[in-house]
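Here is the structure we will look at.
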């Protein structure tokens, strides 16, 4: 990370705040490259069975890092995401285990989750903390519930998150993850969640991403209702309203998101095999939808206060 700081500073790889940013100072961008280096570290020690994953995360990291430096078209980024997802589908045997219609849905869901993870990376600490929670939840499942992968594969991502948080979870962050960080770790998460789903034949593990998922999907729907371009920067996520309009400290908002996801993940693990999968989705998603609707109350209250 310290070496990357020198490179980023030399080549002026920075994030300049704009009217819709949640930060106010110029900061080094692309610190999330640590996740690719974590994947590289694991790969060189496990060459025998990690080719497809490492090739995929390298592709998405490369195009994302390029996008951090010089904006790319959405078509190029989505095409690379599609290729990378195809590689892990082949690696996990998705094409043999899932019907055609299921493969199409899985593609849409996977690419959607990658972009949702990226959309949610907007304030100090949120990506690092949330990733620690997700990876920690899967490590617990792997250890106590269902062995589905080499535990070190999860631990490397957690270590990278801790290193990144050391520089990012501050009042004045030393660096931001950038697209290279949020998309690379999202790819890692998707690989693990998909592998766990295929082994257990249960979709409930998607709820390990419930907090991000509800915020991202509902915000997209809100922006479509407002007839906005969903690929342009904005300040309508719940975390943005809390941080920007209500001036709650970024690190505190990030901690709220992580704590809520911890509660959700604990509930999922506790109720696994105890209740029907559909019912579990309902008892998790409905309360999160209710919490998200508070955003509209907060926005209206802030607007009235501003106008007065």
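The values are calculated or read from the model by the stated rules, or taken from the named source; none is laboratory data. In this text the structure is predicted, and so the values were computed from the model without any measurement. Here the Cβ positions follow ideal geometry from the backbone for every residue, glycine too, while neighbour counts run over all protein chains shown.
Worth a mention:
- The residues listed here are 235, 223; of these, the one that is outside any helix (DSSP H, G or I) and either surrounded by fewer than 20 Cβ atoms within 10 Å (Cβ to Cβ) or in contact with a strand residue (DSSP E or B) (Cβ under 8 Å, 6 or more places away or on another chain) (or both) is 235.
- Close pairs (6 angstrom Cβ cut-off, 6 or more residues apart or separate chains): without any contact (Cβ under 8 Å) to a residue 40 or more places away in the chain in the stretch 183-203, crowded, with 23+ Cβ neighbours inside 10 Å and part of a helix (DSSP H, G or I) anywhere: 197/205
- Qualifying residues in the stretch 151-177 (those that are at pLDDT below 95 and in a loop (DSSP other than H, G, I, E, B)) - the one nearest to the chain's Cα centre (by Cα): 177
- Scanning the stretch 97-134 for residues that are under 15 Å from residue 194 (Cα atoms) and within 11 Å of the chain's Cα centre (by Cα) yields 112, 113, 114, 134.
- Criterion (in a helix (DSSP H, G or I), crowded, with 21+ Cβ neighbours inside 10 Å and at pLDDT below 95) met by exactly one of 68, 121: 68
- Where residue 147 falls short, out of the listed (1) within 28 Å of residue 240 (Cα to Cα); (2) at pLDDT 95 or above; (3) out of contact with any helix residue (DSSP H, G or I) (no Cβ under 6 Å at 6 or more places or on another chain): (1)
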